[in-house]
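The values are calculated or read from the model by the stated rules, or taken from the named source; none is laboratory data. Treat the numbers as computed from the prediction; the structure is a model and nothing was measured. Note that we place each Cβ from the backbone using ideal geometry, even for glycine, and neighbour counts take in every protein chain shown.
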Amino acid sequence: MFTIIDLIQPDNLNEAYQILSDKRNNTILGGCAFLKMGKKRINTGIDLTNLKLNYIQESDDFIEIGAMTSLRELETHPLLKEYYKGVLPQSVRDIIGVQFRNGVTVGASVYSKYGFSDLITALLCLDTEVELFKAGRMPLADFLTMPKAKDILVRLWIKKTLRQATYLSFRSSASDYSVLNVAVSKLDNHWTIAVGARPSKAAIAISASAMLSQEVPTLEKIEEIAQKASEELSFGTNQRGSATYRKALCKTLVKRGIMEVLPCKSN
Amino acid sequence: MQIELTINEKAVKWEVAFDELLADTLRSHGFLSIKTACDTSCCGLCTVWIDGKSRLSCSILSLQAHGKKITTIEGLPKEAEEFAQILSAEGAEQCGFCSPGFIMSVLAMKNELVNPSEEEIIHYLTGNLCRCTGYMGQLRAIKTFLGVV
Amino acid sequence: MKSVGHSIRKIDGMAIATGKPVYTEDLAMDNALVVKILRSPHAYAKIRSIDLSKAESLEGVECILTYQDVPNARFTLAGQSYPEPSPYDRLILDQIVRYVGDEVAIIAAVDEKTALLAMKKIKVEYEVMEPVLDFEQAIGHSSVVHPEEDSSCNFEIGLNKEKNIASSYHEEVGDVEEEFKRCAVVVEDVYYPQAQAHTMMETYRAFSYLDHTGRLIVVSSTQVPFHIRRQLARALQIPASKIRVIKPRIGGGFGGKQTGAGDVFAALVTLKTGKPALIIYDRKETFSCTTSRHAMRLRVKLGADQDGIIRAIDMQVLSDTGAYGEHAPTVLGCVGHYTLPLYNKTRAVRFDGYAVYTNKMPAGAFRGYGATQGTFALESIVNKLAERLKLDPTEIRLKNISKVGETFLTGQGVMLGSTSLDQCILRGKELIGWDEKFPRREVGPNKVRAVGMAITMQGSGIANIGTASAEIRLNDDGNFTLLTGATDMGTGCDTILSQMAAEILEIPMEIIIVNAGDTDTSPYDPGSYASSTTYVAGTAVVKAAEELKSKILAQSAAFLGVTRGDVELNGLAVRTLSGNQEISFAKLAELTILGTGKLQLVGYATHGSEVSPPPYVAGFAEVEVDRETGKVELIDYVAVIDCGTVINPNLARIQAEGGIAQGIGMALYEQVRYDELGKMATNTFMQYKIPTRKDVGKVRIEFEASYEPTGPFGAKSIGEVVANTPPPAISHAIYNAVGVRENHLPITPEKVFLGMQK
């Protein structure tokens, strides 16, 4: 059972960060869906409700997503259905249920860097930047490899492009965690393949992505690239699947992802 | 700490602990339709509406409900009864324990989706588990309720 | 018929659907003590010492009880008719803990927070012993799970504690080995159904208090109030007459609530403190500290002649009963009892079974009760036989199934009273499109669709053991009260029993009050299990209603001054055949109860059956398998059911659809895992995946009614039989699709994928 000694809803980020830094076990609260599963002893819980970070908006070059935006809003927002072949709505739609996604926030999902995350994999195949209150703006890939430090994820910036993308997850049953998930995107001839739930956190298959970007791939070539992706990334075993199985799934999902994006026009 | 919220259209001031969850607060104030069954935010039994959107009342701190508008099935007697009549005519409430949360999801769906397909209905309600019915009877009831095929 | 055969809404349907406070927790008093259980972190250990000092000194802690505070009388939590076949092998709290989660201390406090804080402050020293975790290694293991001297059985169940055998069972007719030699084809295989979890939505819970006469009242979410009363009397060593058990609305059971869980702890706290106490098991406790289906290993061997007539069946079963023997002997026996009679052209059959103790959570009763496991094995092997003989799997069943009036080898001469299984098979075949789809069709690159099938049977009640009583009164206002001990757990028996009473008495259901599930006021009923309520309690209700009807007619005739043969029922009245005179039920009631009659009219009956007629299901699955991932999508499931006369079609249909879904979960999704120290790893809905509405595909049910001469209105049971066909039918379909025979349930995508690589 978790405990919280105090709860504060600060009016600005500065205040929120001050409280967060105050004590080791002061914590930012997201949607709280995972909170009660743990035994966290939180001194001060910081609820960001008053910071107006619940929004999805478009500027000239970016789509901005506030940290307190729910996964359900991500799933249903017209802008996100329109852009990137709807890869973001697609990535979150199988997470538990509507009432769960109405509560879970984008900020907590990304900040937690969960290996099983569906959203991170999809974001990783887009041109996504993470804005942290203290550490500032950085590419998502950098954020994922950065050591954990106390900070506040404020918003995501996704470059507005004609990038076409798709997301595929493999689940043993409909609302389970992914055994493996894959996102594939293409802008002009530049491809990105991201693989998550390996079960460790999502990563880009750099060589396979590069191979794919060189020429218009044939079916045979796609098989080869998918094979490459499954070889360059590492896979582990947990209760949802063995490393061997994940590797095989990786090859299949990457191949299918490429096939889906291939016919799309992205320039 | 004291919170102020609207529960089923009525403004209330409740004293709650910092780590109290909304589902528990609601039950302690007599909203006994609220059932919980999982402790892991994935069964959907405790579904209520917060500002009109379906939420897991077991997965939100009561303090976070401050200033919000909460709706439970007790606050929707007419709509709930209308659907419950159809559901129970199918026999699809069976043990009934998951029904209040399920009905809250169905009513939220009715507000949110226009003329949903069978696939959309199933997708919208995936977060509501039921162990008795196998879901087929629930689907029949929803189709009757929404007048869709 | 006006009531029977109609889809009447459940009488409690609206209340439970709209969240009215009618379940155990809703009814508990606000001031009830909160009871929590400190549980063993070890699979097998002896308690050396327990230090309660820090916990007991916490403000708000009312009492903490350990093994030193409980009566020294071993009992069983299995809710079965006395004398229970399950061994008396547990104490309320024991010095030896036998699985991770076994109870160490009972904590009662003013609120949950205090109780949990107190739990943390209890210091226990354990002497950890080597556990028996692999049930296939249990017999002859160096550790003995039950070393105590004082556990006992009511009769011979083949208990051999030193060898970790809780029960053994042997049955043999004819010479199986000789018969195999004569068979043209012999097939065999080994099957492993898992320890499925019930996962009823309302977890186990009970609250208790002392009434105005000092009696112990236990309100429990149970399927077996009378058995709980007897169990509490034995465990607590107080007379049963000092206990009342009340069953309110309950949120599902599936057999789980045929075994006690928690009642005894709340009751003990109330007895020790004199205060109301409430215990609610959380989901993790429900998963890992109650009971499950018995995991089993089944070796089955089948012999047939050249024409596909099955001549010999040999079944060797090893059942994992876990740390205690709840339902161990009976579930084991039912593996054979509910499978071997399916095919009665046999010349020899043999059944050999052991239920073994291990240091894991106990197994118990679960819808299907051995038939589910046995059906998975037998039907899978029959499918294998059909393939070997190049016979259509539906044909081989039609050649071998029992017909009305026939007997079977192990059936001691009992003749089959009703069956429409042949029609079920034919109709199911048609609905699924068997002839076009069997065995497989390619439907795209790497996608293949295939069909599979299985049949099954169950019983209806327990022959010569299960009895139910029912009482119907004509009340002073002309309405009726039906008193029954049957235990509605959402299945609707309060409704269907009223339908039967209404049918006999020719009255509308609205004027029947149902009073059920209270040991103080209900006539005796064993409870809702063994597929017995419609068949056994239903017949008791029919008999009671007929007796009351007869008394109403006789008394009315007397008041009207005519003979008994001159009157008939007419709406809410009795009239003479000529139609000249009439007396209303209200007037009759007034005259018998308030006036000169001085005899309230009551019908009463106790019924037990000498037979347990089998309901049948033919189940057909269509799956689509992804060759590159092993993912199995269930496209369509057809179940055609013979439950005799269908008393309430909609309620029967929901029962069937739910049972099929539970079977689908067992076939494809519900994985049970323990870690190497014996701790269950799949103890939440996050880890143990029951089917969501996206996982069940399309389930279609049809009924092929038969007429069971010994059943009420020709009815048989339906509650359990519906759970049995999905594992073998789906497994068969997967085999037909991609050639993978996966005999360990559940059949996960990874297993199918790895199977294809072989």
Open item on the list: Looking only at residues that are more than 19 Å from residue C:298 (Cα to Cα) and outside any helix (DSSP H, G or I) in the range C:741-758, which one is farthest from the chain's Cα centre (by Cα)?
Closed with: C:758
Task: Residues being among the hydrophobic types (A, V, I, L, M, F, W, C), away from chain A (no Cβ under 11 Å) and crowded, with 23+ Cβ neighbours inside 10 Å - total across the range B:107-135 - done: 2
Open item on the list: Looking at residue B:67 and the list (1) on the phi > 0 side of the Ramachandran plot; (2) in contact with a helix residue (DSSP H, G or I) (Cβ under 7 Å, 6 or more places away or on another chain); (3) not aromatic (Phe, Trp, Tyr), which single condition is not satisfied?
Closed with: (2)
Task: Odd one out for residue C:6 among (1) within 12 Å of chain B (Cβ to nearest Cβ); (2) touching a Phe, Trp or Tyr at 6+ places or on another chain (Cβ under 9 Å) - done: (2)
- [ ] Would you mind telling me which numbered condition in (1) modelled with pLDDT under 90; (2) part of a helix (DSSP H, G or I) residue A:6 fails?
- [x] (2)
TODO: Identify, from the list A:110, A:98, the residue that is among the β-branched types (Val, Ile, Thr) and within 30 Å of residue A:187 (Cα to Cα).
DONE: A:110
- [ ] For the range C:537-573, name all the residues that are among the basic types (Lys, Arg) and without any contact (Cβ under 8 Å) to a residue 24 or more places away in the chain.
- [x] C:564
- [ ] Taking only the range C:257-282 into account, find how many residues are of a type in the set (D, E, K, R), surrounded by fewer than 21 Cβ atoms within 10 Å (Cβ to Cβ) and part of a helix (DSSP H, G or I).
- [x] 1
- [ ] Give the range C:138-167 a look and list any residue that's farther than 22 Å from residue C:234 by Cβ, within 28 Å of the chain's Cα centre (by Cα) and surrounded by fewer than 19 Cβ atoms within 10 Å (Cβ to Cβ), or say none.
- [x] C:139, C:158, C:160
TODO: Kindly check whether there is at least one residue in the range C:238-247 that is under 22 Å from residue C:85 (Cβ atoms) and out of contact with any Cys (no Cβ under 6 Å at 6 or more places or on another chain).
DONE: yes
Open item on the list: Please go through (1) more than 21 Å from residue C:201 (Cβ to Cβ); (2) more than 14 Å from chain C (Cβ to nearest Cβ); (3) of a type in the set (A, V, I, L, M); (4) surrounded by fewer than 24 Cβ atoms within 10 Å (Cβ to Cβ) for residue B:65 and return the number of the only condition it doesn't satisfy.
Closed with: (4)
Open item on the list: One residue is enough: does the range C:334-345 have a residue meeting the conditions in contact with a His (Cβ under 6 Å, 6 or more places away or on another chain) and either β-branched (Val, Ile, Thr) or buried (at least 24 other Cβ atoms within 10 Å of the Cβ) (or both)?
Closed with: no
Open item on the list: If the requirement is being charged (D, E, K, R) and in contact with a helix residue (DSSP H, G or I) (Cβ under 9 Å, 6 or more places away or on another chain), which of these qualifies: C:473, C:441?
Closed with: C:473
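So that you can scan it fast, the table gives a plain yes or no per residue for (1) in a helix (DSSP H, G or I); (2) free of Cβ contacts under 8 Å to residues at least 12 places away in the same chain; (3) not assigned by TED's automatic domain parsing to the domain that holds residue B:24:
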site: B:83; (1), (2), (3): yes, no, yes
site: B:105; (1), (2), (3): yes, no, yes
site: B:120; (1), (2), (3): yes, yes, yes
site: B:134; (1), (2), (3): no, yes, yes
site: B:138; (1), (2), (3): yes, no, yes
Task: Which listed residue is within 14 Å of chain A (Cβ to nearest Cβ) and within 30 Å of residue C:493 (Cβ to Cβ), from C:721, C:752, C:696 - done: C:696
TODO: Specify the residue that is surrounded by the most Cβ atoms within 10 Å (Cβ to Cβ); the eligible residues are those in the range B:68-77 that are more than 11 Å from chain C (Cβ to nearest Cβ) and over 17 Å from residue B:35 (Cβ atoms).
DONE: B:68
Open item on the list: Just to verify a result, which residue in the range C:172-220, among those that are small (Gly, Ala, Ser), assigned to a loop (DSSP other than H, G, I, E, B) and in contact (Cβ under 8 Å) with a residue 40 or more places away in the chain, is surrounded by the most Cβ atoms within 10 Å (Cβ to Cβ)?
Closed with: C:197
Task: Residue in the range B:45-60 that is more than 15 Å from the chain's Cα centre (by Cα) and either more than 13 Å from chain C (Cβ to nearest Cβ) or among the hydrophobic types (A, V, I, L, M, F, W, C) (or both) present - done: no
- [ ] Mind listing just one residue for me: the one in the range A:9-57 that is part of a strand (DSSP E or B) and of a type in the set (A, V, I, L, M) and, of those, nearest to residue C:120 (Cα to Cα)?
- [x] A:42
- [ ] Of all residues in the range C:434-478, count the ones that are in a loop (DSSP other than H, G, I, E, B), in contact (Cβ under 8 Å) with a residue 24 or more places away in the chain and not polar (S, T, N, Q).
- [x] 11
TODO: Output the number of the condition that residue A:148 fails; it satisfies all remaining conditions of (1) crowded, with 24+ Cβ neighbours inside 10 Å; (2) at pLDDT below 95.
DONE: (1)
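Condition check ((1) within 21 Å of residue C:483 (Cα to Cα); (2) touching a His at 6+ places or on another chain (Cβ under 8 Å); (3) hydroxyl-bearing (Ser, Thr, Tyr)) across all residues:
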position	(1), (2), (3)
C:564	no, no, no
C:569	no, no, no
C:573	no, no, no
C:582	no, no, no
C:585	yes, no, no
C:596	no, no, yes
C:602	yes, no, no
C:605	yes, no, no
Task: Answer from B:97, B:83 - the residue that is under 17 Å from residue B:48 (Cβ atoms), in contact with a Gly (Cβ under 7 Å, 6 or more places away or on another chain), at pLDDT 95 or above and more than 13 Å from chain A (Cβ to nearest Cβ) - done: B:97
- [ ] Look through C:536, C:542 and report the one residue that is assigned to a helix (DSSP H, G or I) and either of a type in the set (Phe, Trp, Tyr) or within 22 Å of the chain's Cα centre (by Cα) (or both).
- [x] C:536
Open item on the list: If I filter the range C:117-130 for residues that are among the hydroxyl-bearing types (Ser, Thr, Tyr), in a loop (DSSP other than H, G, I, E, B) and either in contact with a strand residue (DSSP E or B) (Cβ under 6 Å, 6 or more places away or on another chain) or surrounded by fewer than 21 Cβ atoms within 10 Å (Cβ to Cβ) (or both), do I get at least one hit?
Closed with: no
Task: Residue check for residue A:212: among the aliphatic types (A, V, I, L, M), over 19 Å from the mean Cα position of the chain (by Cα) and in a loop (DSSP other than H, G, I, E, B) - done: no
Task: When residues of the range C:40-66 are limited to those that are among the small types (Gly, Ala, Ser) and without any contact (Cβ under 8 Å) to a residue 60 or more places away in the chain, the one nearest to residue C:113 (Cα to Cα) - done: C:60
